[in-house]
Amino acid sequence: MLSELEIIAENKAIAKEYKELLRISYQSLTDDDKKLIRLAFDTAVEAHSDQRRKSGEAYIFHPIAVAKIVASEIGLDATSIAAALLHDVVEDTSYTLPDIERLFGHVVAKIVNGLTKIAHLKKDMNISQQAENFRKMLLTLNDDVRVIIIKIADRYHNMLTMDSMPEYKQLKIASETLYIYAPLAHRIGLYNIKTALEDLSLKYTEPEVFNDISDKIEESKEEQQKYIDDFTKSIKDSLAKEKFNYTIKGRMKSIFSIRRKMLKQQVTFEEIYDKFAIRIVYASDPENEKFLAWKIYSIVTDHFTPNPVRLRDWITSPKTTGYEALHITVMGPKGKWIEVQIRSERMHEIAEKGYAAHFKYKHGAQKEQGIDLWLNRLQEALENDNINAVDFVEEFKLNLYSKEIFVFTPKGELKSLPKGATPLDFAFSIHTQIGSKTRGAKVNGKLVPLNTTLHSGDQVDVITSENAKPTQNWLNYATTARARSKIKTALKEAKKAIAEEGKEILRRKLKSQKINLNEDTVNKLVTFFKLKTSLDLYYRVGSGIIDNVKLKDFAASYNNAFISFFKNKIRRNTIPEDIDKEELSSNLDTLVFGKDEEKLSYKLSPCCNAIPGDEVFGFISINDGIKVHKKNCPNAISLQSNYAYRIIAANWIDASQEEFSAEIILNGLDNLGLVSNITKVISNQMNVNMRAINFNTDGGTFSGKIKVVVKNNDTLKKLIGNLKHINGIEKVSRL
């Protein structure tokens, strides 16, 4: 128990924190705002009065600290500050959600409810459970984005105060933070918090590395300052002559990013040349910002030679996070390359505070429209909430950390896409219908493959066709979460349609063999063809993979088993359970790696013993090559957090679903319309894709060569058989 003097001192400290909260608020607070915050403060103090943190301090210091981060470092409004003060009240005290709504209104209650839902998520550290929890958390964006922002502030303060926790909890929370909170902070434009979260995570996941780099940064501070002084001295007179009001500061790269560079480049701390950047922040009215930025650029490059390939103009085309600046790399003093960031005071505020500062400079409808646009961009990644939880989080993260490029539509409109995007990503970014009907694309007026990597400045024109539809190969061409999600949904729907048709085909074919299509027969068919579900069976019948010959083999086996049962009274094989699931599944038997789905040598890690069909990833080990782990492996979070650069994507594929190229040779008499008949059989009747076609005629005869893409040998045989029936063709064979 605290003494009376200690209680008085603690209450004074709490009151001091409250005054500090109002003083540091980034937004201008009205009298009504202050009343709302005061009521939230008093409610939180009363609700948490008997609670203390593990460190021993009164619990109320935590919600106040979170509210200060929200008010100052993120710069949100009074509603958000009040919700931050109350974020643990419903979760940890006797107050209910109706109490909060009665006292503070619907909006604050809605945000607190979202934060309470996140707090209720299970804390199992199995990665699939963690991914499911994060999916639920991310879906609260649909309620109010402030839920996620306050949650990031909450996590930030927890990371700052983890010293009193046991080591295993520190490691768990740090890994979680690297896995999702740091990428989220990056995407929302909270660069300072993102950097702090990454550094704090490294402090607990690799403390020796963190301390080593931290000490070396401290040792080199004096040297850095001297370098900045030398740089400033060179351009000071030129900036003064133009009457610029400016500051020049050095910015050290974060410990985490230095560590990442060391690993990526396989170099020591001393060998990294771009450990810090120089930042020039200038005063300007909005109308002259761009002009003055380029004027400063001109002055800098008059004194120092620029690297022409390292110019980044984020003023003309701001990042989707709202970030604006001019980045140049120049040969600075002592012959060292140095990055120089040029930004106005307004741009600097946006870089420091993110969207709160961005919208501070907008008013009324323009402000609301801007916030809506930002929310739409964030929520695009949440459109398909039906996919596997791990995939959901991984694909959402694709959109979080990606660098940006800017491309033009045919009408000259600018579109932002992640670095590495393809024309297919561009098509889906415009509209799902355009993406789904993509037949081809032109980049800068030239026809290109759909997997072409786009670059900033490209003009992209999508060619559509009513007959075009997504194929499995499109997943190899698309890189954005939105495009991949839409393609997967379309493929799933297409498979279901083929499966429905296949069920009727199967019913007719079995009837001709005097076998009824019922549950017992379906179970036997699934077992006979070594499949997993009935829908898988129907799909393969519908797509021609299981043809008449194979069904006759089954019928013979079925009839023999039926007769054998009555003659010998042999017990039938146990029919596998759970085969009538209402979703498609494939006979996954082959493991492929990376975006190009290469077949590489690998070993299954004994810690989780993955089997075909499990969600897996590859880990490039030092001595044993690629080790394959399940995504819910106990070691997965640690590997992904500490060794992300050694993780390689891995997928099980159905070998029977792979597509193969084959060449067909044709000979015969040259008839009018022959080529048309051949292409009709291949494309329309057989729905087979042609890669190349070549015909020659000579004296009334013809010879031709066609390159096609098929899924298996049975499809190829059927295609050759159908081509032989065309009038005029004498011979068809496979090359």
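The test for being farther than 24 Å from L417 by Cβ and assigned to a strand (DSSP E or B) holds for I278. Could you tell me whether R259 is farther than 20 Å from E404 by Cβ, assigned to a strand (DSSP E or B) and not aliphatic (A, V, I, L, M)? Spelling it out, it is not the case that R259 is farther than 20 Å from E404 by Cβ, assigned to a strand (DSSP E or B) and not aliphatic (A, V, I, L, M).
Applying the criterion of being over 20 Å from I69 (Cβ atoms) and among the polar types (S, T, N, Q) to the residues of the range 191-220, the residue that is surrounded by the fewest Cβ atoms within 10 Å (Cβ to Cβ) is N211.
Do we find a residue being of a type in the set (D, E, K, R) and within 36 Å of the chain's Cα centre (by Cα) anywhere in the range 223-244? No, that holds for no residue.
I'd like to verify a number: residues in the range 696-735 that are closer than 19 Å to S543 by Cβ, out of contact with any Ser or Thr (no Cβ under 9 Å at 6 or more places or on another chain) and either in a strand (DSSP E or B) or not polar (S, T, N, Q) (or both), how many? Matching residues across the range 696-735 total 6. For the residues E198, E208, E167, the requirement of being at negative phi, within 24 Å of the chain's Cα centre (by Cα) and acidic (D, E) singles out E198. Please tell me if K194 is free of Cβ contacts under 8 Å to residues at least 24 places away in the same chain and not assigned by TED's automatic domain parsing to the domain that holds T321. Yes. Counting the residues of the range 715-735 that are among the small types (G, A, S) and buried (at least 16 other Cβ atoms within 10 Å of the Cβ) gives 1. Apart from one condition, D32 fits all of (1) under 21 Å from Y156 (Cα atoms); (2) among the acidic types (D, E); (3) modelled with pLDDT of 90 or more; the exception is (1).
Surrounded by 12 or more Cβ atoms within 10 Å (Cβ to Cβ) and at pLDDT below 80, is that true of L604? It is false that L604 is surrounded by 12 or more Cβ atoms within 10 Å (Cβ to Cβ) and at pLDDT below 80. For the range 449-474, residues that are more than 15 Å from V407 (Cα to Cα) and not basic (K, R) total 14.
Looking across I173, I188, I152, I193, one residue alone is within 24 Å of the chain's Cα centre (by Cα) and closer than 19 Å to F276 by Cα. It is I193. The set of residues from the range 40-56 being of a type in the set (D, E, K, R) and at pLDDT 90 or above comprises D42, E46. If I ask for residues that are within 19 Å of the chain's Cα centre (by Cα) and part of a helix (DSSP H, G or I), which ones from the range 436-483 would you list? Matches in the range 436-483: W474, L475, N476, Y477, A481, R482, A483.
Restricting the range 684-732 to residues that are over 46 Å from the mean Cα position of the chain (by Cα) and acidic (D, E), the residue that is modelled with the lowest pLDDT is D698.
Exactly one residue out of N671, N623, N651 is modelled with pLDDT of 80 or more and surrounded by fewer than 19 Cβ atoms within 10 Å (Cβ to Cβ): that is N651. Across the range 63-97, the qualifying residues are those that are of a type in the set (D, E, K, R) and in a helix (DSSP H, G or I), and the one among them that is farthest from the chain's Cα centre (by Cα) is D92. Only one of the numbered conditions (1) surrounded by fewer than 21 Cβ atoms within 10 Å (Cβ to Cβ); (2) part of a helix (DSSP H, G or I) is violated by A499, and that is (1).
On inspection, Y18 passes the criterion of being among the hydroxyl-bearing types (S, T, Y), closer than 25 Å to I149 by Cα and part of a helix (DSSP H, G or I). The residues on offer are H157, H186, and the sole one that is surrounded by fewer than 22 Cβ atoms within 10 Å (Cβ to Cβ) and in contact with a His (Cβ under 8 Å, 6 or more places away or on another chain) is H157. Within the range 263-283, residues that are over 18 Å from D215 (Cβ atoms) have Cβ atoms under 8 Å from residues that are among the acidic types (D, E) and in a loop (DSSP other than H, G, I, E, B) in these pairs: Q265/E271, counting only partners at least 6 apart in sequence or on another chain. Out of I258, I278, I272, one residue alone is closer than 26 Å to K233 by Cα, of a type in the set (A, V, I, L, M), outside the structural domain of K203 (by TED's automatic domain parsing) and crowded, with 19+ Cβ neighbours inside 10 Å. It is I278. Exactly one residue among T30, T43 is among the polar types (S, T, N, Q) and surrounded by 15 or more Cβ atoms within 10 Å (Cβ to Cβ), and that residue is T43.
So for the range 664-679 (the condition being of a type in the set (D, E) and under 30 Å from L551 (Cβ atoms)), does at least one residue qualify? Looking through the range 664-679, none of the residues is of a type in the set (D, E) and under 30 Å from L551 (Cβ atoms).
Within the range 406-415, is there a residue that is in a strand (DSSP E or B), outside the structural domain of Y323 (by TED's automatic domain parsing), in contact with a His (Cβ under 9 Å, 6 or more places away or on another chain) and surrounded by 13 or more Cβ atoms within 10 Å (Cβ to Cβ)? Scanning the range 406-415 turns up at least one residue that is in a strand (DSSP E or B), outside the structural domain of Y323 (by TED's automatic domain parsing), in contact with a His (Cβ under 9 Å, 6 or more places away or on another chain) and surrounded by 13 or more Cβ atoms within 10 Å (Cβ to Cβ).
Filtering the range 406-458 to residues that are at pLDDT 85 or above and of a type in the set (F, W, Y) leaves F426, F428.
The values are calculated or read from the model by the stated rules, or taken from the named source; none is laboratory data. Bear in mind the structure is a predicted one, so any value in this text is a computation, not a measurement. Note that each Cβ is placed from the backbone with ideal geometry, even for glycine, and that neighbours are counted across all protein chains shown.
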